[in-house]
Amino acid sequence: MTLHNPNTPAPRGTSRRRILGAGAAGIAVGTLGLAGCASMGGAPIGRVVVVGGGYGGATVARYLRLWGGNVDVTLIERNDTFVSCPISNLVLGGHKQIADVTRGYDGLRMAGVKVVKAEVTAVDAAGKKVRTSAGEFAYDRLVLSPGVDFMTEGVAGLQAALDSGRVQHAWKAGPQTLALRRQLEAMPDGGVYAMCIPLAPYRCPPGPYERACMVASYFKTAKPRSKVLVLDANPDITSKAGLFRKAWADHYAGIIEYKANAVLREVAGTTAKLEFEDVKADVLNVIPNQRAGDIARSAGIVNANNRWVGVNWLTTESTAAKGIHVLGDSTLSAPGMPKSGHMANQQAKVAAAAIIALLRGEPVNATPVVVNTCYSFVTARDVVHVASVHQFDAKDATFKTVPGSGGVSAAANQIEGRYALSWADNIWADALAG
Amino acid sequence: MNLADRRPRRASRPAGSTRGLRGLRGYVLLAAAPLLAMAAPAALAQDANLGRNLAATCANCHGTNGNARGDMKPLAGMAADKMLAMLADFKSGNQPATIMHQIAKGYSDAQAKAVADYFAAQKPAAK
């Protein structure tokens, strides 16, 4: 059993904590007693700065307060509100409003998290501080949960098309979601909506196929002569393939058309130029290739395929920099682990438990477990899921899916339609403390 | 890893746990806990949070500490035996489910027990 992560330095801070950390094996009964006192008040056991208030960052901030007692937690987020990517495809379909997927940070504030609206400009790993548009913040441990940013290089014209607003990605929920919805509303009946899907790995594997369903559900009633063209760079549907194919046949025959191995080369106007053909669309929606959020790059911790951040899964600490934990879509995923909001929330709890233990000089949990569930709407009410359970494997030092566990829905159904919306209510409250 | 091999899991409950006393068995185990703490302090420090950490994997759907919203089943305060029977029925297929038959199979029996004990000790939040 791992008692202390050998890659992690003893916690810094007061000499009391250092002494207890170093002597944990010998005087752990005393350690326990003092840790119990520390959680009841007195000086904070440490300062944690969290960058990014999405599923990962909000959850780690909340659970550091919930489990850590007196941890000084600052959450730095550039937006005023949390806008969920999950469920946001229903906004595109006209079945939900953006307000339905938007929540505030007041719950976290009530829980004692200092929520700061600012843009992080630099991470000073040596000096243990982050620089932001609202000043500097010192930390004992830093958590980066920046999500993804886009790699538009390699697709001529894409960045300019995104910058101009002519083409939306809508792969970060918020203004882009609304802009794409407006384009769909403005499109004449008989028009073509084309969506380009990047090669995996990308955020939310089933998300693009759910989006095809949602746009098609809108067209079916509002613009029945219109088409949804799915241009997928992958050789097949990457998640819940059988269930999506069935939904398309059952509900959207003649509306949704799917092309595999459709790698986008260039964007010209609203034309998607593929290797062997040009596809003219009325509304072009490009989900670009993705990599770890820009702040991870500027912090110098992107060390996997020049795209992702490798982490120690017992602690989520970066393998490139001590004291910096990374959550969610920015990480180099363990085998079979999707980039999803649910998974980021689960990783955040592993991180919160580990950070508290490290600040206290206690051993970290040697046997963490994370679960994923992704619900996808195939109609306004019918939903399909994919689920997986991942146990930490000490020998290979990574999470592995448990053989025989997990799976997908037997068929699309309305019971899971209700569960999907309740899932959202529960995970938003779990992450945002309200 | 088989958690049951590692140490008596019952000793993991904090002495200050607020869960209800369920007969003599509970008294005996609480009395034994300090002795185990002396024998394996480092292990205890980790184990004290095992149930908490595992139960947190349920919170995405079933609410923080099992206080669920909407159509999800609340788990806070559910008797441990009831939850264990339910999880066993999901695993075996005796209890039809949309998703829990797939998720329950991801946890060992010892982990299920730790989860059940943790939720049994939680107070349902006032609505």
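The values are calculated or read from the model by the stated rules, or taken from the named source; none is laboratory data. Everything numeric in this text was worked out from a predicted model, so none of it was measured. In this analysis, Cβ positions are derived from the backbone assuming ideal geometry, glycine residues included, and neighbour counts consider all displayed protein chains.
Below is a table of values for the structure above.
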| quantity | calculated |
| --- | --- |
| Of all residues in the stretch A:70-97 being surrounded by fewer than 17 Cβ atoms within 10 Å (Cβ to Cβ) and of a type outside the set (S, T, N, Q), the one that is nearest to A:Gly147 (Cα to Cα) | A:Arg78 |
| Qualifying residues in the stretch B:95-110 (those that are assigned to a loop (DSSP other than H, G, I, E, B) and polar (S, T, N, Q)) - the one nearest to B:Leu50 (Cα to Cα) | B:Ser108 |
| Conditions (1) in contact with a strand residue (DSSP E or B) (Cβ under 7 Å, 6 or more places away or on another chain); (2) touching a residue at least 40 places away in the same chain (Cβ under 8 Å); (3) within 14 Å of chain B (Cβ to nearest Cβ): number failed by A:Val350 | (2) |
| Long-range neighbours under 6 Å by Cβ, at least six apart or interchain, first residue at the interface with another protein chain (Cβ under 9 Å from one of its Cβ atoms) within the stretch A:414-434, second in a helix (DSSP H, G or I) and of a type in the set (Lys, Arg) | A:Ala433/A:Arg62 |
| Unmet requirement for A:Arg381, which otherwise passes all of (1) at the interface with chain B (Cβ under 8 Å from one of its Cβ atoms); (2) assigned to a loop (DSSP other than H, G, I, E, B) | (1) |
| Number of the condition not met by A:Lys339 [criteria: (1) touching a residue at least 40 places away in the same chain (Cβ under 8 Å); (2) at the interface with chain B (Cβ under 8 Å from one of its Cβ atoms); (3) of a type in the set (Lys, Arg)] | (2) |
| Residue check for A:Ala296: in contact with a Ser or Thr (Cβ under 6 Å, 6 or more places away or on another chain) and either of a type in the set (S, T, N, Q) or surrounded by 23 or more Cβ atoms within 10 Å (Cβ to Cβ) (or both) | yes |
| Positions within the stretch A:261-273 being assigned to a strand (DSSP E or B) and not charged (D, E, K, R), in sequence order | A:Leu264, A:Val267, A:Ala268, A:Thr271, A:Ala272 |
| Residue check, A:Val402 in contact with a strand residue (DSSP E or B) (Cβ under 6 Å, 6 or more places away or on another chain) and without any contact (Cβ under 8 Å) to a residue 60 or more places away in the chain | yes |
| Some residue of the stretch A:96-117 being under 30 Å from A:Leu199 (Cβ atoms) and outside any helix (DSSP H, G or I) | yes |
| Residues of the stretch A:315-325 satisfying the condition of being at negative phi and crowded, with 23+ Cβ neighbours inside 10 Å | A:Glu317, A:Ser318, A:Ile324, A:His325 |
| Neighbours by Cβ (under 8 Å, 6+ apart or cross-chain): first from the stretch A:355-374, more than 7 Å from chain B (Cβ to nearest Cβ) and within 20 Å of B:Gly51 (Cβ to Cβ); second assigned to a helix (DSSP H, G or I) and at pLDDT 95 or above | A:Ile355/A:Val60; A:Ile355/A:Leu64; A:Ile356/A:Leu64; A:Ile356/A:Trp67; A:Val364/A:Ala353; A:Val364/A:Ala354; A:Val364/A:Ala357; A:Val364/A:Leu358 |
| So A:Arg131, is it touching a helix residue (DSSP H, G or I) at 6+ places or on another chain (Cβ under 6 Å), among the charged types (D, E, K, R) and either at pLDDT 95 or above or on the phi > 0 side of the Ramachandran plot (or both) | no |
| Single unsatisfied condition, A:Glu136 versus (1) crowded, with 17+ Cβ neighbours inside 10 Å; (2) without any contact (Cβ under 8 Å) to a residue 40 or more places away in the chain | (1) |
| The lone exception for A:Asp393 - which of (1) at the interface with chain B (Cβ under 8 Å from one of its Cβ atoms); (2) surrounded by fewer than 22 Cβ atoms within 10 Å (Cβ to Cβ); (3) among the acidic types (Asp, Glu) it fails | (1) |
| Verdict on A:Pro338 being out of contact with any Phe, Trp or Tyr (no Cβ under 7 Å at 6 or more places or on another chain) and modelled with pLDDT of 95 or more | yes |
| Count of the stretch A:396-416 residues which are assigned to a helix (DSSP H, G or I) and surrounded by 19 or more Cβ atoms within 10 Å (Cβ to Cβ) | 1 |
| Matching option when the condition is in a loop (DSSP other than H, G, I, E, B) and not aromatic (Phe, Trp, Tyr), among B:Lys113, B:Lys73, B:Lys82, B:Lys91 | B:Lys73 |
| Some residue of the stretch A:239-253 being among the acidic types (Asp, Glu) and surrounded by fewer than 15 Cβ atoms within 10 Å (Cβ to Cβ) | yes |
| Residue in the stretch A:273-283 that is of a type in the set (Gly, Ala, Ser) and within 14 Å of chain B (Cβ to nearest Cβ) present | no |
| Meets criteria (at the interface with chain A (Cβ under 10 Å from one of its Cβ atoms) and at negative phi) for B:Leu54 | yes |
| The stretch A:134-171: number of residues that are on the phi > 0 side of the Ramachandran plot and in a loop (DSSP other than H, G, I, E, B) | 5 |
| Residue list for the stretch A:274-328, restricted to those being in contact with a Phe, Trp or Tyr (Cβ under 8 Å, 6 or more places away or on another chain), part of a loop (DSSP other than H, G, I, E, B) and closer than 30 Å to A:Asp189 by Cα | A:Ala281, A:Asp282, A:Ile287, A:Pro288 |
| Test for A:Ile76: is it within 19 Å of the chain's Cα centre (by Cα) and part of a loop (DSSP other than H, G, I, E, B) | no |
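Residue by residue, here is whether (1) modelled with pLDDT of 95 or more; (2) of a type outside the set (Val, Ile, Thr); (3) farther than 25 Å from A:Thr331 by Cα holds:
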{"site": "A:Thr8", "(1), (2), (3)": "no, no, no"}
{"site": "A:Ser15", "(1), (2), (3)": "no, yes, yes"}
{"site": "A:Leu64", "(1), (2), (3)": "yes, yes, no"}
{"site": "A:Val73", "(1), (2), (3)": "yes, no, no"}
